[in-house]
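Notes to accompany the following structure.
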Amino acid sequence: MSAARPEANADSLAALASPRRREILRLVWRRERPAGEIHRALGDVTFGAVSQQLATLVAAGMVEVRREGRNRYYRARPSELGPLRQTLERMWDDALYRLKLRAELEEGRRGPEPGAPAGRRRQRRARRARQKS
C-alpha cells in the first residue's frame, strides 16, 4: 500500500475503526504471533471472530500472514502504513488511549463478563438497560 493510493488509505482507516482490530494490530506490531496466541490475548471473543478481524487487516494490507502446516502466523506491516505508523505508535504508548481502548472493548463485549457470578451479570445487564433509557 502506498500513500499515493487514496483507496488504500480509506481501507486502512476503515480497518482501524474497530478497537478490536487496533488491539490485534498492536499485538502483532513488534513480532509475529500465531493466530491462537492472538485469540488467547483477546480473551473474550471466539476464534472465528478473531479470524475475521485478521482477514480484514490482511485485506487492508496492514498485516501479512505466513502459513506453516496447519498454523497461521501474523505480523504487522508497519512500512505499509505511511503516516499512520507514527500515529499508531504514539497512541499505543499513551495511557489514556489504553484506558479508552479498554472501555471500547468492554462496551463491545457480548455475553457474560468472564468470571462474574450470575447475580453480577444480571445486575450489570439491568444497569446497562437503565443507562440506555
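Cβ-Cβ contacts under 6 Å between residues 6 or more apart (or on different chains), taken from a first residue in the stretch 17-41 that is closer than 13 Å to Q53 by Cβ and in contact (Cβ under 8 Å) with a residue 40 or more places away in the chain to a second residue that is of a type in the set (S, T, Y) and buried (at least 16 other Cβ atoms within 10 Å of the Cβ), are listed as V28/Y74. Scanning the stretch 62-113 for residues that are at pLDDT 90 or above and under 18 Å from A17 (Cα atoms) turns up M62, V63, A76, R77.
The values are calculated or read from the model by the stated rules, or taken from the named source; none is laboratory data. All values derive from a computational prediction rather than experimental measurement. No Cβ is skipped: glycine too gets one built from the backbone with ideal geometry, and neighbour counts run over all protein chains shown.
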